[in-house]
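Working notes, structure below.
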Amino acid sequence: MSVVAGSVGASTASLRRARVMGILFLLVGVLIVLVFGLGSEGGVVSRLGLNPARAETLFRLPDLVLPARSTAFLLGAVCAFLGGVQLSRGFERRVNLVIAIVLVLFVFAFLTWAARDRSLSLLGMLQSTLLRSVPITFGALSGVLCERAGVINIAIEGMLLTSAFTASVAASLTDSLWIGLLSGAIVGGLVAGLLALLAIRYQVDQIVAGTVINILALGLTSYLTDQFLQRNQELNNPGRFQNVPIPGLSDVPILGPVAFDQNVLVYLMMAIVAASFFGLFYTRWGLRVRAVGEHPKAADTVGIRVLFTRYRNVILGGVVAGIGGAYFSLGAVGRFEEGMTAGRGFIGLAAMIFGRWNPIGAFAAALIFGFADSLQVKLNILRVGIPSEFLAMAPYLVTILIVAGAAHRVRPPAADGKPYLKE
Amino acid sequence: MRLQLKGVTKRFPGLVANDSVDLTVAEGEIHALLGENGAGKTTLMNIVYGLYRADGGEILLDGSPVHFGSPRHAIGAGLGMVHQHFMLVPVFTVTENVMLGIESTRRFGFLDRREAAQRVREISQRYGLEVPPDAVVEELPVGVQQRVEILKALYREAQILILDEPTAVLTPQETEDLFEVMRSLQEAGKSIIFITHKLKEVLAIADRITVMSRGRVVGTTTPGETSEEELAAMMVGRAVRLRVDKAPADTRGPVLEVLDVVVLDDRGQVAVDGVSLTVQAGEIVCVAGVQGNGQTELVEAVTGLRPIASGSIRLLGRDVTGASPRGFLRAGVGHVPEDRQRDGLVLDFSIADNLVLNTHGSAPFARWIVRDDEAIRAAAQERVAAFDIRTLSVEQPVATLSGGNQQKVIIGREFSRPIRLLVASQPTRGLDVGSIEYIHERLVEKRDQGAAVLIVSVELDEVLALADRIAVMYRGKILNILPADTAEPERIGLLMAGSLGEGEGPGG
Amino acid sequence: MGEPIGRPPSDGEGDLPSTGDTVPQEEPRAAHEVEEEVLAAGAIVTTGRGGWRDSLLVPFLAVVTALVIGGLVIVFTDEDALREWAGFFRDPGEALSASWRVVSESYYALFSGAFGSPSGIGRAFVSGDLDQIRGALYPLSETIVAATPLVFVGLSVALGFRAGLFNIGAEGQMNMGAVVAAAVGFSMGYLPGPLHLVLMIAAGFAGGAVWGAIPGFLKARTGAHEVITTIMLNFVAVSLGLYLLTTDFYRQQAEPIARPVEVAFPHLFGTNLRVHAGIFVAIGVAAAVAWLLNRTTIGFEFRAVGANPDAARAAGMSPTRTVVAVMALAGGLAGLAGTNQLASVTPSLIPGFASGLGFDAIALALLGRARPAGVVLAAFLFGSLRAGGRTMQAVTQTPIDIIVVIQALVIAFVAAPALVRAIYRIRARRVAGPDAFAKGWGG
């Protein structure tokens, strides 16, 4: 409401936050020096690979060879310096950027430490980060499309699972990955249609409706797997989409092999991220969708069909989740396995929240989860002394941390989860 | 364009909201639709705007009958409505809000924000409606948001504008600005239907006045032919009693002492800016002011619901700064909240449970942690009788009660425990006349029993009727505290607009 | 002056507080509209005013409808039946009778696996032979054994519902309860039996309570939505359990199975029937939860916070503290389910110990309308499906996962009573109830 922006109390709160941040940066710096610096033996080097596994590439970069201990010292010093600046002068608005920098420095220091006396393919990590973020991104985009129109979609997990199953079976039956992908997308849309029906027509609590669908999806796919796929393995042998390097772009060092030497589903994901971003924020369609998600009554009074918009967006979200589901069976694994989505739909939701219901933000958040996921796999291989069970918790713990950290600071669409009742 | 309603009837189960209403609005006319809360004005306009369907009667535009199945049709026919609750998307810009539904686009459905903003500027210049096209709506003052709403209708080339209680949220100065805009629209040949229950405004701006009461048109007149008293009598059907009979205050020492308190709102902005205020036992202090000037946050601070950023609060000499809501309750603070359904009641719980919502944990309603349902029911029956709560049974969910009876449940709860300070926020908002009188009497009675009473109200009439002292709040500050018996309404009105004295214009 | 018919519309739009729209005459609503709205809003968890139609008829029809649809799924996934359907136009009668055969065989196996065959039981009792009676009652015993843990997890979710919380983490809480209970169970064998058992139960409760309190705390402090955090903690609990099974303390020899606990609930009817005293504990706990919710000030605060946290706070209650307390208690109840399994049918902690029970728990709470007595009844229904499902899988090769499908359908119909009413053309009756958790992500 119309109250003049004062600054007395507000500034004390932000000042305290700024101090906490500064101290945190300092602590990270100290941690890097103590753990990763002193934890590495002097004179040992870490080798970080920057080239793709395949040999023929236009530009070959030399591997990054770093002295483990001094690198850690240097990185720790930079963090501590940033902390000092923050405490004395403050970064003000750019503090979020500095947080990101400190995080990256920390992770890099950690990797150097983990790869001491060994070699680690940094490029491989980036590649697997992207790959592991793909289904999460699809899930998050599905959530963005639904929730921007005001329908909470907690059924993403179920949509991923059903379409992973359908895509695998359809592709196996027809011997066509494309038909498999299409069937996955359609079934995703159908499952979303059920969610829309329950949430919009019957006004079931949207979280309950989503949970019902998740349970139903788990039960049905497990049942059908037991009933058919176990006895008829040929029904669950679709093969996988092969990588299609994009000529020219795929030869760009680092970025090329990571982003432009992937299978078609990864390209599709990038296209959908871009399309939904521009669609939501720059087109008539997006303006209307967002109006429906923020203030459906206002949208209604200017002639926008609220319920139709919601149905359409939920189903669209289902199709996107369906493609994500197909990625599990046709893009990553090459077959369907019971419960193969392993909570990725929920992690997608967390990415959506952390990305502030913005497709690009959601993608960026998904990359963080993808990184946590690929990190745990890599660390497992490097045998850093952390039990693999704990490493496996990483993506889930990161999700909890991020949701807990973001929940207060993000604002969902105002009508998210509220059924619209016409008078 | 000329609008005619003939015999429009709308029935809801149990009541007739509009009973054969006739109304004619001529082209270029400002037509006031006057009536109490619940007289059926908004229902009638919702029918005209296509939100409700009439059970009988017809609507004519320029003499030919029309049927609007939805607002879309009404808009298409040249009607525009500014709702009491704005139909604006808070996170959109002015331009986005205005063009929503009839967007300017380039190829492939991409929005042409520049072109739309240009049209917004043109219209705002033509009618003297100043709005910043690229500002985000939620960051604009209420008065400007209202202009955006009017602009939205004009953008759709409305010929007839319906304004539903447009002045309820405005300062006197903003109201003047709105009247300016209305006059310039009138000059441009637009018709305006102005819904209100404020007599002075009607006399100031309307060409013709139609008075409604209990769903019927009581009469049509013009400002020249009538007076405030006559209109009031038409509206209510009997002489209104605005004064509450009460003896002069017999103050007995300070109960609530607020010192230099700063409170932040939900967005971290300063809402209460260094307020100091003392309420004594045996007096009623009213906080007057336009909605949204920090009153809500002040009330939340003195009931413990919102932490204060600095300053101190003392109750009966004891420092209670930083205490929890429970701490304030225990210290003897009773609270009649502004939003009774959100903060005052659990709508799904029974009347009996709501009557013990803040005392259920102690004797006689509980032993250790075990509830004594018998005692709770007995006490409820007693209070239902004592506070005239109209219900069949105390086991009914409180949601089934009317607004007035719901408010009585809260009053009954707070008045039945020993309180030293009563904080009541908009205690009669949305209630019928009978309930208003009843609640006013009980508030004065509480004062006479020696409690300190702090009332926040945006209704100036209510403030003048109840207060012993009046504190006027503007932009988070208390500008002045006046004794009620010598306060002139005009002076209070000026203070509410931020004007401290003669010659000093309102800020901002 | 007309009385309003139902809860006046809550007014969520705009920044401006309402002025006058709670007056009945300004925005009156048709009775049926209000009814529909209240129905929709309170469809999930009613607070006990629904009348018999809503508390019994709808769940009953939901179960029946779910069984019918489950039957259709069985038919259309059965290879024999499908073959007959392929020739439907040649011989429609054969297709229908083959379908009937498949479904009736499956469901008969399901029923007899859950309750035994009535004639068999009759004959056994007539014969008076104890072994024969025990044999005939075996299915019933299995049903009760399967129902017992379900009572605990169902109560866990139901308690959350009543306080406005959606606990999807019963599975993880059950796992963690079992982890702690197992440690006590196998390492303190020197204690006298009853004391050991009590201690193990307490340990299980504590383990689950801690795991449940974490999302409660996160929600209270940061607003993180419990649906996401509890799900994530389920996965973390599984990993943690797997890790513990590799430690010397838990591991037995080289297997990924923990050492068995050294104490158990006594069997009720000899060792041939697995039914054990845990069921009495379960029913006792259900009664205690009912007492807590309905007869105590603590329960009153739980319910008030669940129905309207703002009003609860203004009335001096602490929603944040309540959230933590409810989640801890809910976690503890789920932990008891883990203990129950250790002290009866699964004495050793194994991977996948609790898998699927978390989802069952949601179904149970919804079907039981979040009331303890309802949860107990629902647990017996689901217990019979579980026990019968095993028999069905053994006899007719219909995969037991069909049970999960049926359960999901049951919840769908219970959560959307309008759907059931539409199918059976039942006239809607007014039910008022809290809009349990349609609160979005804000927390």
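What follows draws every value from the coordinates through simple rules; no lab data is involved. The structure presented is a predicted model; accordingly, all values stated were derived computationally and were not measured. Because the Cβ atoms are built from the backbone with ideal geometry, glycine has one as well, and the counts that use them run over all protein chains shown.
Just a few scattered comments:
- ³J(HN,Hα) computed for each position of the stretch C:204-221 - Karplus, 6.51 cos²θ - 1.76 cosθ + 1.60, integer Hz, glycine/proline x: x, 4, 5, x, x, 5, 4, 5, x, 5, 4, x, x, 5, 4, 5, 5, 8
- Taking a ≥ b ≥ c as the square roots of the eigenvalues of the Cα gyration tensor, the stretch A:129-261 is oblate, since a/c reaches 1.5 or more and a/b is not larger than b/c.
- Of the complete DSSP H runs in chain A, those spanning 24 angstrom or more by Cα along the long axis with a mean Kyte-Doolittle score not below 0.5 are A:8-31, A:68-88, A:95-114, A:122-148, A:156-174, A:177-196, A:206-224, A:264-282, A:306-326, A:359-382, A:388-406.
- Relative contact order of chain A, defined on C-alpha pairs under 8 angstrom at six or more residues apart (%): 23 percent
- The amide H of B:T9, built 1.01 Å from its N in the peptide plane, has B:S20, B:V21, B:D55, B:G56, B:G57 as neighbours under 5 Å, considering only residues 5 or more places off or on other chains.
- DSSP-assigned coil residues among trypsin sites (Lys or Arg not before Pro) in the stretch B:341-424, each with at most 14 further Cβ atoms within 10 Å: B:R390
- Whole-Å distance, taken between Cα centres, linking the stretch C:365-395 and the stretch A:231-257: 45 Å
- On Cα atoms only, tilt of B:142-155 relative to the major axis of chain B in degrees: 20 degrees
- Axis of helix B:113-127 versus longest Cα principal axis of chain B: the two differ by about 90°, to the nearest ten degrees.
- Rounded if a/c under 1.5, otherwise prolate or oblate - the stretch B:3-236, Cα gyration tensor axes: prolate
- The amide H of B:I455, built 1.01 Å from its N in the peptide plane, has B:V285, B:C286, B:V287, B:A424 as neighbours under 5 Å, considering only residues 5 or more places off or on other chains.
- When Rg and Dmax are taken over the Cα atoms of the protein assembly as shown, they come to 34.0, 108 Å.
- Prolate is the label for chain B. Its Cα gyration tensor axes, ordered a ≥ b ≥ c, give a/c of at least 1.5 and a/b above b/c.
- Values of log10 I(q)/I(0), in the order q = 0.21, 0.25 Å⁻¹, for the stretch B:345-416 under a Debye, Cα-only, solvent-free model: -0.80, -1.11
- Using a cutoff of 8 angstrom between alpha carbon atoms and counting only pairs six or more residues apart, the relative contact order for the stretch B:360-508 works out to 12 percent.
- The stretch A:322-337 versus the stretch B:91-112: alpha-carbon centroid distance in Å: 39 Å
- In sequence order, calculated HN-Hα J values of the stretch B:59-65 (Karplus, 6.51, -1.76, 1.60; Hz; x Gly/Pro): 10, 10, 10, 6, x, 9, x
- Distances between every pair of Cα atoms in the stretch A:8-117, grouped in 10 Å steps from 0 to the bin holding the largest one, split as 15, 35, 25, 17, 6, 2, 0 percent.
- Whole-number percent relative contact order across the stretch C:297-370, with pairs defined as alpha carbons under 8 Å at least 6 apart: 15 percent
- Less than 5 angstrom separates the built amide H of C:G368 from none of the residues sequence-distant by 5 or more or on a different chain.
- Mean residue ellipticity (222 nm) of the protein assembly as shown, computed from DSSP H runs ≥ 4 via -39,500 (n - 2.57), nearest 500: -17000 deg cm²/dmol
- Percent of C-alpha pairs per 20 Å bin in chain A, short distances first: 23, 51, 24, 1.
- Considering only the protein assembly as shown, percent of DSSP beta bridges that pair antiparallel, nearest 5: 60 percent
- Euclidean distance between Cα centres, the stretch B:134-168 to the stretch B:28-90, Å: 16 Å
- Chymotrypsin sites (Phe, Trp or Tyr not before Pro) within the stretch C:227-308, DSSP loop, no more than 11 other Cβ atoms inside 10 Å: C:F249
- Taking the DSSP beta bridges with both ends in chain B, the antiparallel portion is around 55 percent.
- The chymotrypsin sites (Phe, Trp or Tyr not before Pro) of the stretch B:346-380 that meet both conditions, a loop assignment by DSSP and at most 10 other Cβ atoms within 10 Å of the site Cβ, are B:W368.
- Spin-label model, C:L67 to A:D175: label points 7 Å out along the Cα-to-beta-carbon direction sit 4.6 nm apart.
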